[in-house]
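Only one structure is covered here, and it is reproduced in the block below.
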Amino acid sequence: MEKDGRFSRKIFWTVNAIAFAFFIALMAVATKYDLRINHALSDGDSFFADLFAIVGELPAYAVVPVGGVMVFFNAGLFSEKYQRVLIRAVGCLAVFGGWFFFFYAGTKLTDVPHLLGFSLVGAAGIGALSLWVGSLVRRERMEKLFKYGVFLIVFTLVTLAVIQISKNVFCRMRYRDMLKEGNFDGFTPWYKINVGRENPNPDYHYTSFPSGHTSSAAHVFVLCVLCDLYPALNNKRVRAVMNACCFAFVAVVGIARIVDDAHFLSDVLVGGYITYLIYVLCRYLFFGKGKYNFRITEKT
């Protein structure tokens, strides 16, 4: 068994080393050809790009409400009444707040009238449905998912903070705004820090680097943690397929963001890879060395 564990870790580090080398190689290409790649792939009227602008955000928006359901229904794990109340409040906030953010801030195909009211109604409906579905899960199974739910929320909040801070540090102009200007004088390489940059046009969003959509898409990797939690999924073939599907999804979303004139290659590479690294770190902190289940007190 110990030998199998060492073999799995060896595969993990080998695959990640190859992925890192691939990332560095693509970043080298992006550093030199970012603008040319956008010139070649630009298609602001692409249905493919519009579709994945919506689909690409779904993993990040769904992660918090789903984690909130898992937290809400595990308040019984705590003995003190104030603890149970607090856990339920956090769960409710994650469920309804997460779905509200999805309806209010998520990418849409068309403009929605009365956006605030639409978002409140949508969050109330989907949030209530989420809690009802959660109530159907057996207690023993839900208890096993408590730590996973906390992991989902923490991972998303940390990632969101890192991505948003990075956007405000680099203040990179979007390709679509350069097209509106009719020139590319506002282009800056990905590594140039532009804190305090003067933005002559307030209608433009200088938030190109790193890509928030690709970061959101990379949240899909949280599905791979289920391989740790459930023995039926814990084999090399299932892990390989799940990771490959997650990688392919993130790659398609990244390409769509370039086609949609929203980001450069370096934007999507860094957005996706930063999120993946945060995922790996959080996964280790929550589930490394067999720490799969939550316990109020450790057994002695």
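The values are calculated or read from the model by the stated rules, or taken from the named source; none is laboratory data. What you are looking at is a predicted structure, and each value in this text was computed from that prediction instead of being measured. Using ideal geometry, Cβ is built from the backbone for each residue, glycine included, and neighbour counts are taken over all protein chains shown. Side chains are part of the model used for accessible areas, which takes the heavy atoms of the whole protein and leaves out ligands, DNA and RNA. Shrake-Rupley method; radii C 1.70, N 1.55, O 1.52, S 1.80 Å.
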Can you find, among SER130, VAL69, TYR33, the residue farthest towards the positive end of the dipole of the range 1-134? Put +1 on the C-beta of Lys and Arg, -1 on that of Asp and Glu.
-> VAL69
In whole Å, what is the distance between the alpha-carbon centres of the range 74-102 and the range 190-212?
-> 36
Near LYS144, which aspartates and glutamates are there with a Cα under 17 Å away, not counting those fewer than 8 places off in the same chain?
-> ASP228, GLU298
With a 1.4 Å probe and every protein chain kept in, tell me what percent of the accessible surface of the chain is carbon plus sulfur.
-> 67
Measuring with a 1.4 Å probe in the full set of protein chains, what accessible area per residue, in whole Å², belongs to the chain?
-> 56
Expressed in square angstrom to the nearest 10, the accessible area of ARG176 with a 1.4 Å probe stands at 80
Could you sort ARG239, ARG257, ARG141 by accessible area so the largest value comes first, with the probe set to 1.4 Å?
-> ARG141, ARG239, ARG257
Between TYR33 and LEU229, what FRET efficiency follows from the Cβ-Cβ distance if R0 is 30 Å, with the result rounded to 0.05?
-> 0.10
With all protein chains present, calculate the accessible area of ASP203 using a 1.4 Å probe and round the result to the nearest 10 Å².
-> 120
Would you mind telling me which residue in ILE258, ILE274, ILE165 has the biggest mean-square fluctuation in a Gaussian network model of the chain, where springs connect alpha carbons within a distance under 10 angstrom?
-> ILE165
Choose one answer from ALA53, ALA256, ALA240: the residue with the largest mean-square fluctuation in a GNM of the chain with alpha-carbon springs under 10 Å.
-> ALA240
Evaluate the distance, in nm, between pseudo-label points positioned 7 Å from the Cα of TYR104 and of ILE18 along their respective Cα→Cβ axes.
-> 4.4
Is the range 1-121 rounded, prolate or oblate when judged by the Cα gyration tensor, a ≥ b ≥ c being the square roots of its eigenvalues, rounded requiring a/c under 1.5 and prolate requiring a/b larger than b/c?
-> oblate
In nm, give the distance between the simple-model label positions of ASP111 and ILE11, each being 7 Å from the Cα along the Cα-to-Cβ direction.
-> 5.2
Probe 1.4 Å, all chains present, heavy atoms only: SER166 accessible area in Å², nearest 10, is 20
How many nm separate the modelled label positions at SER42 and LYS289, each set 7 Å beyond the Cα in the direction of the Cβ?
-> 5.3
Could you list the residues of the range 46-80 with an amide nitrogen less than 18 Å from a label point located 7 Å from the Cα of VAL154 in the Cα-to-C-beta direction?
-> 63-75, 77-78
Extreme residue, positive dipole direction of the range 138-259, given options ILE153, ASN234, ALA218 (C-beta unit charges) = ASN234
Under a point-charge model restricted to the Cβ atoms of Lys and Arg (+1) and Asp and Glu (-1), what is the dipole moment magnitude of the chain relative to its Cα centre, in debye to the nearest 20?
-> 1600
Please sort 94-106, 29-41, 212-224, 242-254 by packing, taking for each peptide the average over its residues of neighbouring beta carbons within 10 angstrom, highest first.
-> 212-224, 94-106, 242-254, 29-41
Any lysines whose Cα falls less than 19 Å from that of LYS236, other than same-chain ones fewer than 8 residues away, would be LYS3, LYS10, LYS289
If a helix is a whole DSSP H run, which ones in the chain reach 27 Å or further along their own axis (Cα) and hold a mean Kyte-Doolittle hydropathy of at least -1.0?
-> 2-41, 81-105, 115-135, 146-170, 236-259, 265-287
